[in-house]
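Working notes, beginning with the structure itself.
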Amino acid sequence: MQQGKILAIGEQAIDKKENMLIFFGQKVTEGLRPYSIIQEIEDAQAIELKVGATILFGDQEYRTTYVGHLANQNLQTIQHVSFVFSAVPTDKLSGSVYLTPAKLPEIAEGMTITYKG
């Protein structure tokens, strides 16, 4: 289990119609910052998500239904991952993690994100 903390939420990072949250570490580019949720993970290199893993946004629990082939690498190196809250489509995003239930969590600055395997 690894934990991260939400440091900032870009002014355009949450769109209820998109059902996607884009997380980056603190080294996010200025161009992406308005669309991103900035996180700091204690030991990002120790994260290895797989299907069936649990991710907690505060106390809101989600299960992974798909982990793109680039998702763990991006999470471990630049703390970047796109969380998609929907059914897994035919054309999946390689850097994304699909989660269920298919609804955006309520998030806030200072919130803890818990990655459980």
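The values are calculated or read from the model by the stated rules, or taken from the named source; none is laboratory data. Since this is a predicted model, take the numbers as computed values, not measurements. Note: ideal-geometry Cβ built from the backbone for every residue, glycine included; neighbour counts use all protein chains shown. Areas reflect the complete protein model, heavy atoms only, side chains present, ligands, DNA and RNA absent. Shrake-Rupley method; radii C 1.70, N 1.55, O 1.52, S 1.80 Å.
Quick check, is Gln73 over 21 Å from Ala102 (Cα atoms) and touching a residue at least 24 places away in the same chain (Cβ under 8 Å)? When the stated conditions are applied, Gln73 does not pass them.
Restricting attention to region 23-59, the residues being among the basic types (Lys, Arg) and farther than 13 Å from Ala13 by Cα number 2. Pairing each residue of region 17-30 that is on the phi > 0 side of the Ramachandran plot with any residue that is of a type outside the set (D, E, K, R) and open to solvent by 50 Å² or more (accessible area, probe 1.4 Å), provided the two are 6+ apart or on different chains, yields C-beta distances under 9 Å for Asn19/Ala102. Just so you know, in region 5-42 the residues that are farther than 24 Å from Ser86 by Cα, touching a strand residue (DSSP E or B) at 6+ places or on another chain (Cβ under 8 Å) and charged (D, E, K, R) include one that is surrounded by the fewest Cβ atoms within 10 Å (Cβ to Cβ), and it is Glu42.
Being surrounded by 14 or more Cβ atoms within 10 Å (Cβ to Cβ), of a type in the set (Val, Ile, Thr) and assigned to a loop (DSSP other than H, G, I, E, B) is true of Ile107. Put simply, of Gln60, Gln2 the only residue that is open to solvent by less than 70 Å² (accessible area, probe 1.4 Å) and touching a residue at least 60 places away in the same chain (Cβ under 8 Å) is Gln2. Any residue at all in region 43-51 that is open to solvent by less than 70 Å² (accessible area, probe 1.4 Å), small (Gly, Ala, Ser), under 16 Å from Thr112 (Cβ atoms) and in contact with a Ser or Thr (Cβ under 7 Å, 6 or more places away or on another chain)? Within region 43-51, none of the residues are open to solvent by less than 70 Å² (accessible area, probe 1.4 Å), small (Gly, Ala, Ser), under 16 Å from Thr112 (Cβ atoms) and in contact with a Ser or Thr (Cβ under 7 Å, 6 or more places away or on another chain).
Scanning region 66-101 for residues that are open to solvent by less than 60 Å² (accessible area, probe 1.4 Å) and part of a helix (DSSP H, G or I) yields Ala71, Asn72, Asn74, Leu75, Gln76.
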